[in-house]
Structures are given as C-alpha cells and as structure tokens.
Amino acid sequence: MNIYLTSGTYDYLGKKYESKFSNETLLLMQEEASDRAILLHESQAPSFFQEPRSYDILFSYGMLENKGFITMNHIPVSEENKPVFEHKMMKYFTSIPNKTMTAIRFLRPAKGDTYILFCLWEEKANYIKWKQPEANVEAPIGKSNEKSWNSSQHSIFNGKPYFVQLTIPNEEKA
C-alpha cells in the first residue's frame, strides 16, 4: 500500500479531484488559518496525481476517514540511519497500548530522506488531551521542533524535522 501527496490551494484541489472522492481513499486537508492544502491518496495502484510525493506505508493503524484533525511530523533521516530509525519507530508504534488516534501511518519516502508520521484524530481536542499524560511526553508524535527529540537521535537527522497541523473541513465531497 502506498500514500501519495500533492499540494495546492484547498479550492483548487477540491475541484480538480472532485470526481475521485467517491471511489478513492482521499483526504483533503487544509492548513490551519490558510488556504494551503494537502491532498492524500492511499492506494495500491499508481497515483493519478500529476507529480505526487510517494511514500511506502511501513505501519498502518485504523481507517482513513475524511473528517478530523491531522498531525504530520516530517523527519529527514540520513541514509545510513534509516534502518535504525525505522526499527525504533516500528517498536514505538507496535507498543502503543491505547491508540487514541483514528488512524496512524508511518511513511517512508520513495525518493528523498523525509519520513512522515501521520496521525488522524477525531478532533484537535483529542490530540491536545493525548499530549497531556507523562507517558506521551517522549512520544515522537506531535513534536514541533528538533529540540523536542531526545539528544541521542539528533545525529540521525539530515535536516531539521518539522511539524504540520491540518484539518479536514466539514464539507462533503460527492
């Protein structure tokens, strides 16, 4: 299974791919306080996007639903550290006892070095509530900057990790 991403404005992506929403797994996500958007396509087939960013799904939990709040951690990892990073992340994701997210995808880039930790939450309040307990303080989900990762991991980065929060507006796509 693969994930494909493309970017644009919310209105443009919604109109351009409107006919695909009923028979494909698509999430049209909008950056908070912006018209910028990301369209996600989950499929075993090649993407119909003109120039997709392609990812292999290494870990999958839950179903992608076209509603909710999304957190995406973008983590550039050096080539020699990819196997160690993947192993640590898989260990983390398989050990989460109570997954409060609607869906999780751990994504390896087909090209490049930036992995994505994608989490779909029912609403932003669920994400905020999840961040509160001590058990989740060290979790790799929802980290907003490089300093929030523990120091032993800093040497694996190829660049600065970054964090994006998006929403799926309450519009129905036909």
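Among the candidates E123, E134, E146, the residue that is surrounded by 14 or more Cβ atoms within 10 Å (Cβ to Cβ), of a type in the set (D, E, K, R) and either modelled with pLDDT of 85 or more or farther than 24 Å from E51 by Cα (or both) is uniquely E146.
Restricted to the stretch 95-112, and to residues there that are basic (K, R) and under 22 Å from Y4 (Cβ atoms), the residue that is surrounded by the most Cβ atoms within 10 Å (Cβ to Cβ) is R105.
The values are calculated or read from the model by the stated rules, or taken from the named source; none is laboratory data. Everything numeric here is computed off the predicted structure, so don't read it as measured data. Because the Cβ atoms are built from the backbone with ideal geometry, glycine has one as well, and the counts that use them run over all protein chains shown.
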